[in-house]
């Protein structure tokens with residue numbers, strides 16, 4: 001099993017290209033099931049989750065092909081993937097595949113909308129809370145689906161097709177909004193989604209569906225209206241830049257000091273996190289080709305944050321920000337409101353010297369911590385990269401184990417950081 005070694009204490013200088021967003025690419029790939037025509041996605045990140053989803057889609061009969069490299073493309077350039085779901089041969093998504101990635105559960109919506117039935121295993125994925133699927137299933141029931149749970153599988157049926165309806169989510173759910181958008185696109189009549197997730201990845205899915213012929217208004221707001229159509233066509237779509245990767249590298253630069261252009265990044269996708277970094281004393285500059293992050297010898301200031309749905313501070317940056325605050329000149333607090341079990345990285349950061357105490361859904365971070373390299377264990381995707389950020393500033397070597405979590409969400413992380421001056425390397429196999 002691969003590990004990553006980080007030697008701390010080096011400034012970051014240079015350019016880091018920002019990959020396409022994993023959280024946008026996955027629902028876009030799943031949306032290919034809605035059409036018999038070809039969907040071509042550009043700027044898809046090279047990630048293990050993308051490869052796994054290609055296998056899951058292939059199980060349903062979706063043909064996927066990855067275009068070869070082009071002249072001038074770097075290893076970090078996004079891939080172009082073509083997906084053709086001309087014939088759906090199986091409406092069952094088995095446990096052995098779905099249990100490895102939560103987002104794959106979303107195939108229930110396009111399978112049901114197009115084929116009138118779906119049998120999908122209840123999901124697995126990161127151990128960061130229960131994240132139940134009840135709201136996702138509620139959305140399908142509001143569109144006329146008949147739902148049963150049978151031996152760990154969701155069995156959904158709509159033999160006469162889905163019909164439009166009103167879906168009023170009691171709390172914001174990105175997965176529920178994705179499912180509602182896909183299902184409603186082929187439902188008869190009009191669907192209104194209230195309290196919809198406003199995340200950029202939701203708007204990106206809606207943009208792609210509109211290119212395929214869907215009639216959607218209001219994506220990116222809390223109320224979305226969809227007028228169902230009888231069929232969707234193929235399309236070309238460019239995946240938006242990854243705002244979580246953007247924020248992660250911004251915090252890495254803030255942690256170590258330096259001057260880095262995050263090439264392709266967009267401030268509008270991450271305004272809340274950039275605002276927090278500026279309060280912490282970090283310079284954030286919008287440029288033609290991206291966003292530049294600078295911290296030239298200025299001290300880090302403590303800032304309290306509360307995770308919230310977009311446009312608030314993202315829960316997916318909570319662990320990285322906590323690592324950053326260990327080096328602030330003062331104490332800070334992180335209030336996690338999205339997931340109930342997302343502080344598993346705290347005990348690993350403590351192995352590096354972080355002083356963090358927990359009280360329910362709040363973490364209190366003592367600043368000015370002296371971080372010292374040590375072996376640590378990745379527990380989930382975002383926690384993994386928080387350990388990398390801490391290791392960049394720690395004295396001596398940090399060894400991050402179980403980095404397959406990183407490979408699920410960060411494309412060529414060690415190469416991107418290494419080219420900006422970080423002392424970082426991947427160690428392959430059991431050494």
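Summary of packing: across the peptides 99-108, 281-290, 219-228, the per-residue average of other C-beta atoms within 10 Å ranks them, highest first, as 99-108, 219-228, 281-290. Shown for 268, 49: other C-beta atoms within 10 Å of each C-beta, ranked fewest to most, produce the order 268, 49. When only C-alpha pairs under 8 Å and at least 6 residues apart count, what is the relative contact order of region 336-418, in percent? Relative contact order for region 336-418 comes out at 26 percent.
Starting with the fewest neighbours, write out 236, 405 ranked by other beta-carbon atoms found within 10 Å of each beta-carbon.
Lowest to highest Cβ neighbour count: 236, 405.
Computed on the chain, with alpha-carbon pairs under 8 angstrom and 6+ residues apart, the relative contact order is 21 percent. Counting every other Cβ atom within 10 Å of each residue's Cβ, 136, 205 order from fewest to most as 136, 205. Against the longest principal axis of the chain, how steep is helix 22-31, in degrees 0 to 90 to the nearest 10, with axes from Cα atoms? Roughly 10 degrees, rounded to the nearest 10. Relative contact order (percent) for region 23-238, with alpha-carbon contacts under 8 angstrom and 6 or more residues of separation? Relative contact order comes out at 21 percent. Relative to the longest principal axis of the Cα atoms of the chain, helix 174-185 runs at roughly 30 degrees.
With the helix formula -39500 (n - 2.57) applied to DSSP H stretches of n ≥ 4, the chain reaches a computed 222 nm mean residue ellipticity of -8500 deg cm²/dmol.
Each reported figure results from applying straightforward, stated rules to the coordinates on display, with no laboratory input. Since this is a predicted model, take the numbers as computed values, not measurements. Cβ: placed from backbone, ideal geometry, glycine included. Neighbour counts: every protein chain shown.
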